[in-house]
Amino acid sequence: MFGGGGDSGYKKLSTVNRRMFIMTAAKLVIFGGIITRLFSLQINENKKYLTLSDKNRLREWRLPPVRGDFEDFFGNKIASNLKVYQLHVVPEQVEDFRYLMIRLRDILDIDSKTFKKILKKRSQQKSWETLIISENLSWDQFAKINFYLHELSGAKPVLSVARNYPYDEKFTHLLGYVAQASEKDLIENEVIKKSHVPGLRVGKIGLEKTFENQLIGSNGIQRYEVNAYGKRINQIDFVEGKKGANIKLTVDTEIQAQCNELLKDKAGSICVMDIYTGELIAMHSSPSFDPNLFLYGISHDNWNEILNNPKKPLINRSIQGLYPPGSTIKPIVALSALENDVISTKFKVNCTGKTEMYGQTYHCWKDTGHGIVNLRDALKVSCDTFFYEMSRRLGVDRLNLTAKKFGLGEKVFNGTYNEEKKGLIPSTQWKKNALGRGWVLGETLITGIGQGYMQTTPLQLCLMTAQLANGGFKIKPKIIYDKKSDSYEKIKAEMEKNRIDLLSDFQQDDALVDFSLEKKKRDTDLYKPLYRNQENVKFVLEAMFASTNEVRGTSYSSRINDKKYQFAGKTGTSQVKKITEIQRELDLDISQIPYKERDHALFVAFGPYVNPRYSLSVFVEHGGAGSSAAAPLAKKLFKTIIDRHEEREKIREKSLMEI
Amino acid sequence: MFKETALSGQTTFFQKLRSMDYILLVCILILGVISSLAMYATDGGELLYHTKSHVLRFIIFFVMMIILSFLNLRFWHATGYLFYIIVLGLLIWASLYGITASGSQRWVDLYFINLQPSELMKIAIIVCFAKFYHRAQINQINHFKNLLVPMMILVLPILLVVSQPDLGTSILIALSGIIVLWLAGINLKYFVYSGLFLLISLPFVIAILKPYQKLRILTFFNPDKDPLGAGYQIIQSKIAIGSGGLTGKGFLKGTQGYLEFLPEKHTDFIFTLFSEEHGFIGSLALLFIYGVIIYRVIDIGKNARSFFGKLFCFGFASSIFVFITVNMSMVLGLLPIVGSPLPIMSYGGSSMLATMIGFSIVMSTKIYQKQLIA
């Protein structure tokens, strides 16, 4: 009965107890080991694993940022956002992706090319990234999708925003436009890269591109908890995106619209500027195109139409177009001659229609000649013969200095427009460096009438006229409205002060030395006189008045007698091609010359003549004579500009009150 | 002798009831509650199938355990070999007509329950050895004849379970058996010899291993090599436990669990889920409860007068300890992933049945602790 009893039993018991004791000790050690491991995972490395766990469960979806608006001086939206219906699919949430796509193709009537594009896009994206099937569903399509939605699991009709340009083609060149961000945009701009989502639109050119970083806004972020299969379980976080900054421009939509109207069916440009504040009132280049076309990828036909248009709508003529200024340069030539004491206002030349110099015949535009003309008459009737003689005496280098001082040959908006061109104001040094040949004296003569090497943009001419019209003071052109910038009154006072300062300087030391030391300081020269003797500027302005408002003046037919609207200007007709003797004999009518060989018509003006406030430049490419093709447009525009002035001042006062 | 019989015979039902180990019972109950809550969490905070059947099983098996506790320890001693032979028979049945699931033929269909005999074998082998060594004289234990029979008893079920194939359970059976053999007094040198023998035969064993088993072992050494494939379980388990921190993410808030990043969270990885939600402190508490249970079982064994009861308790305590450590080491990334449930906590009827039978024998030992068995 006593199994294993006795001595043997005792030994057996002691063995098992002893071994159990060893076993228990081993257990404690092993438990200790497990606790140590737990401690190291849960306490020491807790942060690391917490991060990994969050990485597992949290996934972010970035929403497209809402782009800032552009508005004009009066608060009209020039570029804004429109609500659009889009169709999104997140492939990983779709059970049968191919089936869904085929269903959608049938419902939305997607053509095979677009369909292939979407499938290709799908293969390039991560499966949880939103695939945009359609960016702009028509109301019909939207309704249809909603009707079939129950059998289209995974397809999501979404209300989104898209860029909208309510003024269609009117501001295209001034604003630029947006289109889908390209690979290049992402590489070039960190901000775009940071906020990129599929289908993001970014500025491609113009202000839309320049101010991209301010306009773009910030992404909204939806943070979801997802399970191991990628299914969204619940929304953890929603960070609302911030809309990009609204940018207020100095332009006036009404004037801009009229510019568009005036240049309809023509190639050309009109620029209007406040001669004190430098605010750009309008800047239009024609022909233009509808920037809305680029939003969803321009169609082949539309693109070809733009590309094949002989008038080249893609060029922003106001800042990119380089043309010989023609006679519109004459006020500067005259001023330069007076300032350098090359001639006096009493200097006279006998114009017979042509003149022989350096073995070449130089023609005046009027074959019969102007007879004996003085400087005032020469500006008024735009006598080329007079200017040949005067510029011969002046020399190209002195003309170069004056022209540059008044804003020619340099970018007007340095940096605001990437596509802006500098133009060219020739000098002897320039020719030697650029062409490797010496200056030929004959070239001075044609430079004096704005031909030859000289090339300017319409906007430069507008600035030049502004800086003459304000009495000869440097201003800073701007297109972005800034409440804090100097007021008209302040600028005027500043100019007056600088005028008086110069007068006293003039009496003290030799002003000629001071004048020739042209310093390339842009902003520090702001509101400083660009002249040596203001009488010279006044003389030129008065001659321009005569040119428009006196009989025989080149733009007399475009004058306005009403003092309120009265303006002064200078026409220009710049040759595209050298006129041969035969053509001169023929004296063809403009309609008989091939379009590409017709003259460019130009006109610069400022007004009202008493207390001027605005300057403008009109340019009509291959438009013919400035007096008949360009000046009449200015006449129509001036009425609007002056009428709008009061409105503008009201708005300005109101905005000042708000500060 | 008369005295002895009188002692056992005259014990009333209430005396028996009073002499049960209440600390052990309470601990098992707490474990039952914790495991039910954990199961509730794996079901995503809903009363679904796993939770319901787990709770039901726990209640049934717990009641069964208490009833079985009143069986005289002699019954277990008498039926020790029979128990082993029945389970072995079931194992053979499983290998012939068993139900196959996920590539392994482990279950027998008993009409009212699908039984996994390999789980029962974990207990049966201890009962069998306890009976064998209860009779054996200490000086005969290390005789060749007395080594061969236990060897057979041990190797036979292991081979059957390995062929299912179920590496995890066969290792656990082997470990439980070996520990009992050692506790019984088998000379240490035999373990050293067979250890060396295993080491030499290891290359051959590896050659026999199924590709997925090899992969698991390789993955254990470098889980990051294939994070979405074979290493996925270990990595996700470590992330879950590590992210639990000191106090855990909170009940039903274990993201790794409810977002389904955890594999087999009902069964082998239940501790991972528990540890994610209750953190270091919760894990320590769970370990403490297991510790108390093991301590109580050892204590009962110490006070048992019969060698059978003593050896069974010691063996059972050690194998529970082995099950716990193997399971935890596995989910903590200290051992390769082999199928091994956490006693009571893991979902699975056979495992719970086996554990509860074990506890009832322990409890019977407690009630009849003064009794000697011939």
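The values are calculated or read from the model by the stated rules, or taken from the named source; none is laboratory data. Predicted model, so just to flag it, every value in this text is computed and none were measured. A quick note on method: Cβ atoms are made from the backbone with ideal geometry, for glycine too, and the neighbour counts reach across all protein chains shown.
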**OP:** Give the residue, chosen from A:567, A:545, A:603, that is out of contact with any Leu (no Cβ under 9 Å at 6 or more places or on another chain), among the hydrophobic types (A, V, I, L, M, F, W, C) and buried (at least 21 other Cβ atoms within 10 Å of the Cβ).
**Re:** A:545
Original post:
So which residues in the stretch B:23-52 are part of a helix (DSSP H, G or I) and among the charged types (D, E, K, R)?
Top reply: B:52
Original post:
Which condition does residue A:39 not pass, out of (1) more than 7 Å from every other protein chain (Cβ to nearest Cβ); (2) at pLDDT 95 or above, if it passes all the others?
Top reply: (1)
Original post:
Would it be correct to say that residue A:605 is within 25 Å of residue A:252 (Cβ to Cβ) and free of Cβ contacts under 8 Å to residues at least 60 places away in the same chain?
Top reply: no
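If we scan the stretch A:59-81, do we find a residue that is within 14 Å of chain B (Cβ to nearest Cβ) and either surrounded by 16 or more Cβ atoms within 10 Å (Cβ to Cβ) or assigned to a strand (DSSP E or B) (or both)?
The answer is yes, given that some residue of the stretch A:59-81 is within 14 Å of chain B (Cβ to nearest Cβ) and either surrounded by 16 or more Cβ atoms within 10 Å (Cβ to Cβ) or assigned to a strand (DSSP E or B) (or both).
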Original post:
If only one of B:85, B:66 is loosely packed, with under 15 Cβ neighbours inside 10 Å and either closer than 24 Å to residue B:130 by Cβ or charged (D, E, K, R) (or both), which one is it?
Top reply: B:85
Subject >> Positions within the stretch A:411-423 being farther than 11 Å from residue A:463 by Cα and either in contact with a Lys or Arg (Cβ under 6 Å, 6 or more places away or on another chain) or not aromatic (Phe, Trp, Tyr) (or both), in sequence order >> reply: A:414, A:415, A:416, A:418, A:419, A:420, A:421, A:422, A:423
Subject >> All positions within the stretch B:273-303 that are more than 9 Å from every other protein chain (Cβ to nearest Cβ) and farther than 27 Å from residue A:23 by Cα >> reply: B:273, B:274, B:277, B:278
Original post:
Does residue B:267 satisfy the condition of being under 24 Å from residue B:37 (Cβ atoms) and not in a helix (DSSP H, G or I)?
Top reply: yes
Original post:
Which is of a type outside the set (S, T, N, Q) and crowded, with 18+ Cβ neighbours inside 10 Å, of A:190, A:208, A:240?
Top reply: A:208
**OP:** Among residues belonging to the stretch A:218-235 that are more than 14 Å from chain B (Cβ to nearest Cβ) and crowded, with 18+ Cβ neighbours inside 10 Å, point out the one that is farthest from the chain's Cα centre (by Cα).
**Re:** A:219
Original post:
Within the stretch A:306-339, can you find the residues that are in contact with a Ser or Thr (Cβ under 8 Å, 6 or more places away or on another chain) and either over 30 Å from residue A:260 (Cβ atoms) or of a type in the set (A, V, I, L, M) (or both)?
Top reply: A:315, A:319, A:322, A:329, A:332, A:333, A:335, A:336, A:337, A:338, A:339
Subject >> Tally, over the stretch A:86-130, of residues that are part of a loop (DSSP other than H, G, I, E, B) and more than 22 Å from residue A:231 (Cα to Cα) >> reply: 3
**OP:** Confirm whether residue B:177 is in contact (Cβ under 8 Å) with a residue 24 or more places away in the chain, more than 22 Å from residue A:12 (Cα to Cα) and among the small types (Gly, Ala, Ser).
**Re:** no
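May I ask you to say which residue of B:148, B:196, B:156, B:183 is assigned to a helix (DSSP H, G or I), more than 12 Å from chain A (Cβ to nearest Cβ) and in contact with a Leu (Cβ under 7 Å, 6 or more places away or on another chain)?
B:156
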Original post:
How about the stretch A:195-249: which of its residues are among the hydroxyl-bearing types (Ser, Thr, Tyr) and assigned to a loop (DSSP other than H, G, I, E, B)?
Top reply: A:195, A:218, A:229
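Test of understanding: among B:364, B:318, which residue is under 25 Å from residue A:8 (Cα atoms) and touching a residue at least 40 places away in the same chain (Cβ under 8 Å)?
Values: B:364 fails: under 25 Å from residue A:8 (Cα atoms).
One residue alone meets the criteria, B:318.
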**OP:** With the checklist (1) touching a helix residue (DSSP H, G or I) at 6+ places or on another chain (Cβ under 8 Å); (2) in a helix (DSSP H, G or I); (3) of a type outside the set (Gly, Ala, Ser) in hand, flag the one item residue B:105 doesn't pass.
**Re:** (2)
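Hey, among the residues in the stretch B:238-264 that are outside any loop (DSSP other than H, G, I, E, B), farther than 15 Å from residue A:38 by Cα and not hydroxyl-bearing (Ser, Thr, Tyr), which one's farthest from the other protein chains (Cβ to nearest Cβ)?
Filtering the stretch B:238-264 down to residues outside any loop (DSSP other than H, G, I, E, B) leaves B:238-244, B:255-258.
Right, trim to farther than 15 Å from residue A:38 by Cα and you get B:255-258.
Of the ones still in play, those that are also not hydroxyl-bearing (Ser, Thr, Tyr) are B:256-257.
On the way: B:256: 6, B:257: 11 Å.
Once the filter is applied, the top-ranked residue is B:257.
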Original post:
Out of (1) buried (at least 24 other Cβ atoms within 10 Å of the Cβ); (2) outside any loop (DSSP other than H, G, I, E, B); (3) more than 11 Å from chain A (Cβ to nearest Cβ), what's the single condition that is false for residue B:310?
Top reply: (3)
Original post:
Could you list, in sequence order, the residues of the stretch B:314-332 that are over 28 Å from residue A:42 (Cα atoms) and more than 9 Å from chain A (Cβ to nearest Cβ)?
Top reply: B:315, B:316
Subject >> Qualifying positions in the stretch A:131-165 - surrounded by fewer than 17 Cβ atoms within 10 Å (Cβ to Cβ), out of contact with any Leu (no Cβ under 9 Å at 6 or more places or on another chain) and either not assigned by TED's automatic domain parsing to the domain that holds residue A:205 or not in a helix (DSSP H, G or I) (or both) >> reply: A:138, A:159
